[in-house]
Amino acid sequence: MRITLWLLAFVALVYGGACVALYAFQRSFLYFPQPSALAGPDTTRKLVVPGAELAVSVRPHSGPKALIYFGGNAEDVSQQLPWFARVFPDHAIYLLQYRGYGASTGAPTEALLKSDAQALFDSVHADHPDVAVVGRSLGSGVAVHLASQRPVSRLVLVTPYDSIVELAARQFPAFPVRWLLTDKFESWRYAPSIRVPTLLLAAEFDNVIPRWSTDRLRTRFASGVASFSVVPGTDHNTISNSPQYLEALRAAL
(Lines give C-alpha, C1' and ligand atoms only; values in the text may rest on other atoms or scores of the structure.)
Protein backbone atom coordinates (compact mmCIF):
# COMPACT_ATOMS: atom_id res chain seq x y z
CA MET A 1 0.00 0.00 0.00
CA ARG A 2 2.82 2.37 0.87
CA ILE A 3 4.53 1.73 -2.46
CA THR A 4 1.25 2.37 -4.28
CA LEU A 5 0.77 5.65 -2.46
CA TRP A 6 4.33 6.71 -3.29
CA LEU A 7 3.76 5.87 -6.95
CA LEU A 8 0.50 7.84 -7.00
CA ALA A 9 2.21 10.79 -5.36
CA PHE A 10 5.05 10.62 -7.88
CA VAL A 11 2.63 10.51 -10.81
CA ALA A 12 0.67 13.42 -9.37
CA LEU A 13 3.88 15.39 -8.92
CA VAL A 14 4.99 14.73 -12.48
CA TYR A 15 1.55 15.57 -13.87
CA GLY A 16 1.37 18.78 -11.84
CA GLY A 17 4.85 19.75 -13.01
CA ALA A 18 3.83 19.14 -16.62
CA CYS A 19 0.78 21.38 -16.15
CA VAL A 20 2.93 24.11 -14.64
CA ALA A 21 5.41 23.84 -17.53
CA LEU A 22 2.60 23.94 -20.09
CA TYR A 23 1.19 27.07 -18.47
CA ALA A 24 4.58 28.76 -18.12
CA PHE A 25 5.80 28.06 -21.65
CA GLN A 26 2.50 28.10 -23.53
CA ARG A 27 3.36 31.13 -25.66
CA SER A 28 6.57 29.50 -26.87
CA PHE A 29 4.34 26.81 -28.40
CA LEU A 30 2.14 29.37 -30.13
CA TYR A 31 4.42 32.16 -31.35
CA PHE A 32 7.54 31.65 -33.46
CA PRO A 33 8.96 35.12 -34.21
CA GLN A 34 10.82 35.47 -37.50
CA PRO A 35 13.35 38.10 -38.59
CA SER A 36 12.38 40.47 -41.37
CA ALA A 37 13.92 39.68 -44.75
CA LEU A 38 12.79 42.89 -46.44
CA ALA A 39 13.42 46.03 -44.44
CA GLY A 40 14.19 49.56 -45.52
CA PRO A 41 12.86 53.10 -45.38
CA ASP A 42 10.84 52.61 -48.57
CA THR A 43 9.10 49.43 -47.45
CA THR A 44 8.80 49.77 -43.67
CA ARG A 45 6.76 52.12 -41.54
CA LYS A 46 6.89 52.46 -37.76
CA LEU A 47 3.74 52.43 -35.66
CA VAL A 48 4.15 53.43 -32.03
CA VAL A 49 1.73 51.69 -29.67
CA PRO A 50 1.69 51.40 -25.85
CA GLY A 51 4.71 49.37 -24.83
CA ALA A 52 6.15 48.75 -28.28
CA GLU A 53 7.22 50.12 -31.63
CA LEU A 54 5.76 48.06 -34.46
CA ALA A 55 7.20 47.62 -37.92
CA VAL A 56 4.70 47.53 -40.78
CA SER A 57 5.76 46.40 -44.25
CA VAL A 58 4.13 48.85 -46.63
CA ARG A 59 3.59 49.67 -50.26
CA PRO A 60 2.15 53.19 -50.26
CA HIS A 61 -0.52 54.01 -52.81
CA SER A 62 -2.82 57.00 -53.04
CA GLY A 63 -6.52 56.41 -53.39
CA PRO A 64 -9.35 55.01 -51.28
CA LYS A 65 -8.34 51.32 -51.18
CA ALA A 66 -6.01 49.64 -48.70
CA LEU A 67 -5.29 46.06 -47.68
CA ILE A 68 -4.11 44.96 -44.23
CA TYR A 69 -2.59 41.51 -43.79
CA PHE A 70 -2.07 39.49 -40.61
CA GLY A 71 0.19 36.47 -41.08
CA GLY A 72 0.76 33.10 -39.46
CA ASN A 73 2.55 32.36 -36.23
CA ALA A 74 5.88 31.61 -37.95
CA GLU A 75 5.62 33.93 -40.94
CA ASP A 76 7.86 36.76 -42.05
CA VAL A 77 5.16 38.95 -43.58
CA SER A 78 7.72 41.23 -45.23
CA GLN A 79 8.36 38.50 -47.80
CA GLN A 80 4.73 38.77 -48.91
CA LEU A 81 5.00 42.46 -49.77
CA PRO A 82 6.12 42.07 -53.43
CA TRP A 83 3.37 39.50 -54.05
CA PHE A 84 0.58 41.64 -52.58
CA ALA A 85 1.89 44.75 -54.34
CA ARG A 86 1.82 42.95 -57.69
CA VAL A 87 -1.58 41.29 -57.21
CA PHE A 88 -3.33 44.40 -55.86
CA PRO A 89 -1.79 47.36 -57.70
CA ASP A 90 -4.71 49.65 -56.82
CA HIS A 91 -4.37 49.08 -53.05
CA ALA A 92 -2.05 50.51 -50.46
CA ILE A 93 -0.54 47.47 -48.69
CA TYR A 94 0.09 47.14 -44.95
CA LEU A 95 1.54 43.93 -43.49
CA LEU A 96 1.81 43.92 -39.70
CA GLN A 97 4.94 42.51 -38.08
CA TYR A 98 3.65 41.25 -34.74
CA ARG A 99 5.35 42.25 -31.51
CA GLY A 100 8.67 40.45 -31.31
CA TYR A 101 8.57 39.63 -35.04
CA GLY A 102 10.82 41.28 -37.61
CA ALA A 103 11.75 44.77 -36.49
CA SER A 104 8.87 45.10 -34.01
CA THR A 105 9.70 45.34 -30.32
CA GLY A 106 7.86 43.74 -27.44
CA ALA A 107 6.45 40.24 -26.99
CA PRO A 108 3.25 38.86 -28.56
CA THR A 109 0.08 38.06 -26.65
CA GLU A 110 -3.48 37.67 -27.90
CA ALA A 111 -4.68 40.86 -26.25
CA LEU A 112 -1.74 42.92 -27.53
CA LEU A 113 -1.96 41.58 -31.09
CA LYS A 114 -5.63 42.50 -31.20
CA SER A 115 -5.07 46.00 -29.83
CA ASP A 116 -2.15 46.50 -32.24
CA ALA A 117 -4.38 45.46 -35.14
CA GLN A 118 -6.93 48.08 -34.16
CA ALA A 119 -4.23 50.74 -33.90
CA LEU A 120 -2.97 49.85 -37.38
CA PHE A 121 -6.48 49.91 -38.82
CA ASP A 122 -7.21 53.32 -37.31
CA SER A 123 -3.99 54.69 -38.81
CA VAL A 124 -4.71 53.21 -42.24
CA HIS A 125 -8.40 54.11 -42.25
CA ALA A 126 -7.55 57.75 -41.67
CA ASP A 127 -6.06 57.82 -45.19
CA HIS A 128 -8.04 55.07 -46.94
CA PRO A 129 -11.81 54.77 -46.38
CA ASP A 130 -11.97 51.33 -48.06
CA VAL A 131 -9.87 48.89 -46.01
CA ALA A 132 -9.94 45.16 -46.76
CA VAL A 133 -8.43 42.73 -44.25
CA VAL A 134 -6.77 39.36 -44.85
CA GLY A 135 -5.80 37.04 -41.99
CA ARG A 136 -3.92 33.77 -42.41
CA SER A 137 -3.78 30.94 -39.87
CA LEU A 138 -3.04 32.60 -36.50
CA GLY A 139 -3.75 35.95 -38.15
CA SER A 140 -7.28 34.85 -39.02
CA GLY A 141 -8.17 35.21 -35.34
CA VAL A 142 -6.69 38.70 -35.26
CA ALA A 143 -8.60 39.60 -38.44
CA VAL A 144 -11.95 38.25 -37.19
CA HIS A 145 -11.70 40.24 -34.00
CA LEU A 146 -10.72 43.40 -35.89
CA ALA A 147 -13.66 43.04 -38.29
CA SER A 148 -16.01 42.81 -35.31
CA GLN A 149 -14.64 46.06 -33.88
CA ARG A 150 -13.83 48.25 -36.88
CA PRO A 151 -15.54 49.12 -40.23
CA VAL A 152 -13.51 46.88 -42.54
CA SER A 153 -14.90 46.68 -46.07
CA ARG A 154 -14.18 43.01 -46.82
CA LEU A 155 -12.65 40.10 -44.94
CA VAL A 156 -10.68 37.06 -46.14
CA LEU A 157 -9.68 34.30 -43.73
CA VAL A 158 -7.05 31.84 -44.97
CA THR A 159 -6.85 28.45 -43.21
CA PRO A 160 -8.91 29.83 -40.30
CA TYR A 161 -9.86 28.08 -37.07
CA ASP A 162 -12.82 28.24 -34.73
CA SER A 163 -10.73 28.33 -31.55
CA ILE A 164 -7.04 27.87 -30.75
CA VAL A 165 -7.85 26.63 -27.27
CA GLU A 166 -10.14 23.95 -28.72
CA LEU A 167 -7.39 22.81 -31.08
CA ALA A 168 -4.93 22.63 -28.19
CA ALA A 169 -7.41 20.74 -26.01
CA ARG A 170 -7.73 18.05 -28.64
CA GLN A 171 -3.97 17.89 -29.17
CA PHE A 172 -3.29 17.55 -25.42
CA PRO A 173 -6.35 15.68 -24.12
CA ALA A 174 -4.62 14.61 -20.90
CA PHE A 175 -4.24 18.19 -19.67
CA PRO A 176 -6.84 20.79 -18.60
CA VAL A 177 -5.86 23.02 -21.51
CA ARG A 178 -9.04 25.10 -21.42
CA TRP A 179 -8.07 26.25 -17.92
CA LEU A 180 -4.35 26.64 -18.62
CA LEU A 181 -4.25 28.59 -21.88
CA THR A 182 -4.17 32.37 -21.66
CA ASP A 183 -4.27 33.13 -25.40
CA LYS A 184 -7.41 31.33 -26.53
CA PHE A 185 -8.13 33.04 -29.89
CA GLU A 186 -11.81 32.12 -29.87
CA SER A 187 -12.85 33.42 -33.27
CA TRP A 188 -16.34 31.97 -32.84
CA ARG A 189 -17.10 34.68 -30.29
CA TYR A 190 -16.69 37.49 -32.83
CA ALA A 191 -17.88 36.00 -36.12
CA PRO A 192 -21.62 36.46 -35.41
CA SER A 193 -21.28 40.26 -35.24
CA ILE A 194 -19.51 40.58 -38.61
CA ARG A 195 -21.68 41.91 -41.43
CA VAL A 196 -19.18 42.56 -44.25
CA PRO A 197 -18.59 40.07 -47.11
CA THR A 198 -16.28 37.35 -45.78
CA LEU A 199 -14.43 34.56 -47.57
CA LEU A 200 -13.06 31.50 -45.78
CA LEU A 201 -10.31 29.68 -47.68
CA ALA A 202 -9.32 26.17 -46.62
CA ALA A 203 -6.48 23.98 -47.88
CA GLU A 204 -7.63 20.58 -49.12
CA PHE A 205 -4.96 18.74 -47.13
CA ASP A 206 -4.42 21.06 -44.17
CA ASN A 207 -2.22 19.26 -41.64
CA VAL A 208 -2.37 22.06 -39.04
CA ILE A 209 -5.96 23.37 -38.93
CA PRO A 210 -8.44 20.47 -39.18
CA ARG A 211 -11.39 20.97 -41.49
CA TRP A 212 -13.84 20.57 -38.63
CA SER A 213 -12.43 23.70 -37.01
CA THR A 214 -12.85 25.77 -40.17
CA ASP A 215 -16.32 24.34 -40.74
CA ARG A 216 -17.38 25.24 -37.21
CA LEU A 217 -16.19 28.80 -37.68
CA ARG A 218 -18.13 29.01 -40.93
CA THR A 219 -21.37 28.22 -39.12
CA ARG A 220 -20.82 31.09 -36.67
CA PHE A 221 -21.38 33.81 -39.27
CA ALA A 222 -24.81 35.22 -39.91
CA SER A 223 -26.65 33.87 -42.93
CA GLY A 224 -25.37 35.27 -46.23
CA VAL A 225 -22.22 36.86 -44.77
CA ALA A 226 -19.58 34.18 -45.32
CA SER A 227 -18.66 32.14 -48.37
CA PHE A 228 -16.37 29.12 -48.32
CA SER A 229 -13.87 27.67 -50.76
CA VAL A 230 -11.38 24.80 -50.67
CA VAL A 231 -8.12 25.24 -52.57
CA PRO A 232 -7.43 21.79 -54.08
CA GLY A 233 -4.10 20.04 -53.88
CA THR A 234 -2.69 22.30 -51.16
CA ASP A 235 -1.78 22.02 -47.50
CA HIS A 236 -1.48 24.56 -44.71
CA ASN A 237 1.82 25.98 -45.96
CA THR A 238 1.38 25.71 -49.72
CA ILE A 239 -2.11 27.15 -50.15
CA SER A 240 -0.77 30.54 -51.27
CA ASN A 241 1.18 28.89 -54.10
CA SER A 242 -1.98 27.84 -55.90
CA PRO A 243 -3.47 29.84 -58.81
CA GLN A 244 -6.90 29.20 -57.28
CA TYR A 245 -5.77 31.04 -54.15
CA LEU A 246 -4.79 34.04 -56.21
CA GLU A 247 -8.09 33.97 -58.11
CA ALA A 248 -10.10 33.68 -54.91
CA LEU A 249 -8.38 36.66 -53.30
CA ARG A 250 -8.79 38.82 -56.37
CA ALA A 251 -12.47 37.97 -56.60
CA ALA A 252 -13.03 38.66 -52.89
CA LEU A 253 -11.11 41.94 -52.72
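The values are calculated or read from the model by the stated rules, or taken from the named source; none is laboratory data. A quick note: this is a predicted structure, and the numbers were derived from the prediction, not measured. Ideal geometry is used to build each Cβ from the backbone, glycine not excepted, and the neighbour counts take in all protein chains shown. Surface accessibility is based on the protein's heavy atoms, side chains included, excluding ligands, DNA and RNA. Shrake-Rupley method; radii C 1.70, N 1.55, O 1.52, S 1.80 Å.
Here are some notes:
- Among residues of the range 231-244 that are in a loop (DSSP other than H, G, I, E, B) and open to solvent by 20 Å² or more (accessible area, probe 1.4 Å), those with a Cβ under 6 angstrom from a residue that is at pLDDT 95 or above and of a type in the set (A, V, I, L, M), sequence gap 6+ or separate chain, pair up as ASP235/ALA203.
- Subset of the range 91-104 [assigned to a loop (DSSP other than H, G, I, E, B) and either surrounded by 17 or more Cβ atoms within 10 Å (Cβ to Cβ) or of a type in the set (D, E, K, R) (or both)]: HIS91, GLN97, TYR98, ARG99, GLY100, TYR101, GLY102, SER104
- Any hit, the range 226-242, residues being within 14 Å of the chain's Cα centre (by Cα) and within 28 Å of CYS19 (Cα to Cα): no
- Odd one out for VAL131 among (1) crowded, with 21+ Cβ neighbours inside 10 Å; (2) within 24 Å of ARG27 (Cβ to Cβ); (3) β-branched (Val, Ile, Thr): (2)
- Screening TRP212 with (1) within 28 Å of CYS19 (Cα to Cα); (2) open to solvent by less than 60 Å² (accessible area, probe 1.4 Å) gives one miss only, at (2).
- Pick from the range 172-202, criterion of a type in the set (A, V, I, L, M, F, W, C) and part of a loop (DSSP other than H, G, I, E, B), ranking: surrounded by the most Cβ atoms within 10 Å (Cβ to Cβ): PHE185
- Screening ALA66 with (1) in contact with an Asp or Glu (Cβ under 8 Å, 6 or more places away or on another chain); (2) within 16 Å of ARG45 (Cα to Cα); (3) open to solvent by 10 Å² or more (accessible area, probe 1.4 Å) gives one miss only, at (3).
- Pair list, Cβ under 7 Å, 6 or more apart: the range 131-145 residue within 15 Å of SER163 (Cβ to Cβ), other residue hydroxyl-bearing (Ser, Thr, Tyr) and open to solvent by 10 Å² or more (accessible area, probe 1.4 Å): VAL144/TYR190; HIS145/TYR190
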